[in-house]
Amino acid sequence: MRKIIPILTLVLCTTTLKPQRVFEVNGDFKANFLVFVADRDYKADLLVHKVDRDYKAKDNKGLWFFTNGDFKADFTVFFVDRDYKADLIIYYVDRDYKAGWRNEAKRLELDLPTRE
């Protein structure tokens, strides 16, 4: 029994860490989410850090990897020019530890999809 618990814990932990792969589409009707990029971090719902490898994008914590095809993405986004048009307002940060949700209500409302 003692051997099963660590193995089960390891399996559960690895299945909860899911990357967020994003693809930018060229029309709002094609997107899962409309996104506005804010000019200040305090205006954002989510602080996003772009990562250069898909394995670095973990869970729903604002670490996004932009794919080169929509079939590889967990969700698609279209960037709008006004904040009132957006489902989600983001701000790009320069370090991964700065990424994260600033608006928990928005996180629960949107529940951005992740791939297992």
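The values are calculated or read from the model by the stated rules, or taken from the named source; none is laboratory data. Please read these numbers as outputs of a predicted model, since none were measured by experiment. Note that each Cβ is placed from the backbone with ideal geometry, even for glycine, and that neighbours are counted across all protein chains shown.
Assorted remarks:
- On inspection, D39 passes the criterion of being of a type in the set (D, E), more than 9 Å from the chain's Cα centre (by Cα) and surrounded by fewer than 13 Cβ atoms within 10 Å (Cβ to Cβ).
- The listed residues are A73, A44, and the only one of them that is crowded, with 16+ Cβ neighbours inside 10 Å, modelled with pLDDT of 95 or more, small (G, A, S) and within 25 Å of F29 (Cα to Cα) turns out to be A44.
- Residue match in segment 90-103 (condition: touching a His at 6+ places or on another chain (Cβ under 9 Å), closer than 18 Å to L34 by Cβ and buried (at least 17 other Cβ atoms within 10 Å of the Cβ)): no
- Within segment 39-53, residues that are farther than 11 Å from A99 by Cβ have Cβ atoms under 7 Å from residues that are of a type outside the set (S, T, Y) and in a helix (DSSP H, G or I) in these pairs: D45/K106, counting only partners at least 6 apart in sequence or on another chain.
- Top-ranked residue of segment 92-116 - restricted to ones that are over 24 Å from Y55 (Cβ atoms) and under 14 Å from the mean Cα position of the chain (by Cα), ranked as modelled with the lowest pLDDT: E109
- Any hit, segment 49-69, residues being aliphatic (A, V, I, L, M), at pLDDT 90 or above and over 20 Å from A105 (Cβ atoms): yes
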